[in-house]
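Encoded as structure tokens, the structure appears first; notes follow it.
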Amino acid sequence: MASITIRNLDEALKRSLKIRAAEHGRSMEEEARDILRQSISCPAPARPSIAASLCSAGLIWTCRRERPRRHRRTSIEARA
């Protein structure tokens, strides 16, 4: 089996891993393997494209929805 080394691990994170491992009755190493296994096996949620995000926010109009129509002033409204 392969092995990895994680450098510059924050002490608070290491402490949390140690506590979590103890709660599950296993070593820190086994807990870390389980966390990695679970995170890799779960498919990442699909991220919308930047264009789709901007479109849904109403910042661009490249999507297939109708542009809001501007209210045009009639000559009577313009004089008022």
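Within region 6-49, restricting attention to residues that are surrounded by 10 or more Cβ atoms within 10 Å (Cβ to Cβ) and of a type in the set (S, T, N, Q), which residue is nearest to the chain's Cα centre (by Cα)?
Result: 16.
Taking the stated definitions as given, is residue 3 at pLDDT 80 or above, surrounded by 10 or more Cβ atoms within 10 Å (Cβ to Cβ) and more than 27 Å from the chain's Cα centre (by Cα)?
On the way: at pLDDT 80 or above: yes; surrounded by 10 or more Cβ atoms within 10 Å (Cβ to Cβ): no; more than 27 Å from the chain's Cα centre (by Cα): yes.
For residue 3, the condition - at pLDDT 80 or above, surrounded by 10 or more Cβ atoms within 10 Å (Cβ to Cβ) and more than 27 Å from the chain's Cα centre (by Cα) - is not met.
The values are calculated or read from the model by the stated rules, or taken from the named source; none is laboratory data. Just so you know, these numbers come straight off a predicted model, no measurement behind them. Note: ideal-geometry Cβ built from the backbone for every residue, glycine included; neighbour counts use all protein chains shown.
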